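Everything on this sheet refers to the single structure shown next.
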């Protein structure tokens, strides 16, 4: 079984909604409304799987303070981390996993980590997005 089909199988086992899939580019766009996950990107870039969830745009004069708070929160995140895009304007949750040894529990751990982060840190994320 190829890596794309393996990940698709895991997503189906986890009952995750696949909004889009592109086998040629090896990407999925998924959602899990009950977990707060929307338009999450899963991309295969051997030897890793990249998982990214856009959260909000970084803006305003408090951007430095927001970045500091996000970096401090990174310490509490089990899997993944807050990152900025290449332009430094979009805050994203990102995790990378090894494709060769990826199993269902590892993928589920990343998705659960994001879900937990979103449920525990929602008020702060909303506040950051309004600054």
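The values are calculated or read from the model by the stated rules, or taken from the named source; none is laboratory data. The model shown is predicted, which means the values in this text are computed figures rather than measured ones. Every residue, glycine as well, gets a Cβ built from its backbone with ideal geometry; the counts of neighbours run over all protein chains shown.
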Within region 107-131, track down each residue that is farther than 20 Å from residue 71 by Cα and either at pLDDT below 95 or out of contact with any helix residue (DSSP H, G or I) (no Cβ under 9 Å at 6 or more places or on another chain) (or both). 109
Filter pass, residue 39 being over 13 Å from the mean Cα position of the chain (by Cα), within 23 Å of residue 15 (Cβ to Cβ) and modelled with pLDDT of 95 or more: no
Extreme residue, surrounded by the most Cβ atoms within 10 Å (Cβ to Cβ), among residues of region 71-85 that are touching a helix residue (DSSP H, G or I) at 6+ places or on another chain (Cβ under 7 Å) and more than 12 Å from residue 128 (Cβ to Cβ): 80
Do we have any residue at all in region 89-100 that's farther than 27 Å from residue 4 by Cβ and in a loop (DSSP other than H, G, I, E, B)? yes
Within region 43-70, restricting to residues that are touching a helix residue (DSSP H, G or I) at 6+ places or on another chain (Cβ under 9 Å) and part of a strand (DSSP E or B), the one that is surrounded by the fewest Cβ atoms within 10 Å (Cβ to Cβ) is 57
Selection from region 4-42 of residues that are free of Cβ contacts under 8 Å to residues at least 60 places away in the same chain, at negative phi, in contact with a helix residue (DSSP H, G or I) (Cβ under 7 Å, 6 or more places away or on another chain) and not in a strand (DSSP E or B): 23
For region 43-88, which residues satisfy the criterion of being touching a strand residue (DSSP E or B) at 6+ places or on another chain (Cβ under 8 Å), touching a residue at least 40 places away in the same chain (Cβ under 8 Å) and under 27 Å from residue 24 (Cα atoms)? 44, 47, 48, 49, 50, 51, 52, 53, 55
Unmet requirement for residue 119, which otherwise passes all of (1) touching a residue at least 40 places away in the same chain (Cβ under 8 Å); (2) surrounded by 12 or more Cβ atoms within 10 Å (Cβ to Cβ); (3) in a helix (DSSP H, G or I): (2)
Confirm whether residue 114 is touching a residue at least 60 places away in the same chain (Cβ under 8 Å) and closer than 25 Å to residue 3 by Cβ. yes
Quick one: residue 88 ticks every box in (1) buried (at least 17 other Cβ atoms within 10 Å of the Cβ); (2) at positive phi except a single one, so which number is it? (1)
